[in-house]
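Step one of this worksheet: look at the structure below.
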Amino acid sequence: MKIIMLGAPGAGKGTQAERISKKYGIPHISTGDIFRANIKAGTELGIKAKAYIDKGLLVPDDVTVDLVMDRISQEDCKNGYILDGFPRTIPQAESLTRALKARGTSIDHAVDVDVPDESIIARMSGRRACLTCGATYHTVYAKPAKEGICDKCGASLVLREDDKPETVKQRLLVYHEQTKPLIDYYRKENVLCTVDGTQDMEKVFLDITKTLGCLLYTSPS
């Protein structure tokens, strides 16, 4: 089962990807993790990626696709995988499709966790983070025992720069311009399934697993 997670930043796709990974026993893969692992290991692809990252440049699509293809060729991906954060653009999706086709395979499901912009802004602006131990909270959904104080280490909680409303709005603008078109791309590929991400986290997960179960049952592969 080869899955791509889609959705705006803050839609909760990363959380759902982790749960799907545990349920189906397939790895949850993010490009950030791939970059870090290859750079740390000093692989040829990692060295290529680092050269761009060190200059503050985006890693070219061909290098990123090569890194992804190398990762999904590993033994733990033999039964499938979940790609989270890649592809981000239509050219990346097209490159991935070509690379998979060359290996005689393709993406089985693209799961879109759909959440309106206003809900995402409210969610993310309510996040609070502990910069000391890394714990995260929310002013509505996951309050600390004492307001503004981390339950785990007692340090002060902060609103991170990337969670501020103005920053979230900019990230959403980029998402709508570059990444949202992937929804139509994978709809045309006949692998898209959309779930209502405004529901309770458990209900979202249940809807995803129900959809995947139906698709698995009806799929000729």
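Below is a table of values for the structure above.
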| quantity | calculated |
| --- | --- |
| Search result, residues across region 122-157 that are loosely packed, with under 15 Cβ neighbours inside 10 Å, within 17 Å of residue 10 (Cβ to Cβ) and in contact (Cβ under 8 Å) with a residue 12 or more places away in the chain | 138, 140, 141 |
| Those residues of region 190-201 which are more than 21 Å from residue 121 (Cα to Cα) and surrounded by fewer than 17 Cβ atoms within 10 Å (Cβ to Cβ), in sequence order | 190 |
| Test: residue in region 78-85 that is over 19 Å from the mean Cα position of the chain (by Cα), more than 27 Å from residue 180 (Cα to Cα), open to solvent by 10 Å² or more (accessible area, probe 1.4 Å) and not aromatic (Phe, Trp, Tyr) | yes |
| Residue within region 207-217 that is at pLDDT below 95, open to solvent by less than 30 Å² (accessible area, probe 1.4 Å) and either among the hydroxyl-bearing types (Ser, Thr, Tyr) or assigned to a loop (DSSP other than H, G, I, E, B) (or both) present | yes |
| Candidates 168, 174, filtered to the one that is under 19 Å from residue 116 (Cβ atoms), among the aliphatic types (A, V, I, L, M) and surrounded by 17 or more Cβ atoms within 10 Å (Cβ to Cβ) | 168 |
| Close pairs (9 angstrom Cβ cut-off, 6 or more residues apart or separate chains): within 20 Å of residue 107 (Cβ to Cβ) and touching a residue at least 24 places away in the same chain (Cβ under 8 Å) in region 159-183, polar (S, T, N, Q) and in a helix (DSSP H, G or I) anywhere | 182/92 |
| Checklist (1) closer than 18 Å to residue 9 by Cβ; (2) surrounded by 13 or more Cβ atoms within 10 Å (Cβ to Cβ) applied to residue 187, failing item | (1) |
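Yes/no per residue for (1) touching a helix residue (DSSP H, G or I) at 6+ places or on another chain (Cβ under 6 Å); (2) open to solvent by 70 Å² or more (accessible area, probe 1.4 Å); (3) more than 27 Å from residue 111 (Cα to Cα); (4) of a type in the set (Ser, Thr, Tyr):
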| residue | (1), (2), (3), (4) |
| --- | --- |
| 19 | yes, no, no, no |
| 28 | yes, no, no, no |
| 32 | no, no, no, no |
| 42 | no, no, yes, no |
| 46 | yes, no, yes, no |
| 49 | yes, no, yes, no |
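The values are calculated or read from the model by the stated rules, or taken from the named source; none is laboratory data. What you see is a predicted model; the values in this text were computed from it and never measured. Glycine gets a Cβ as well: all are built from the backbone with ideal geometry, and neighbour counts include every protein chain shown. Quick note on the areas: whole protein, heavy atoms, side chains included, nothing else; ligands and nucleic acids left out. Shrake-Rupley method; radii C 1.70, N 1.55, O 1.52, S 1.80 Å.
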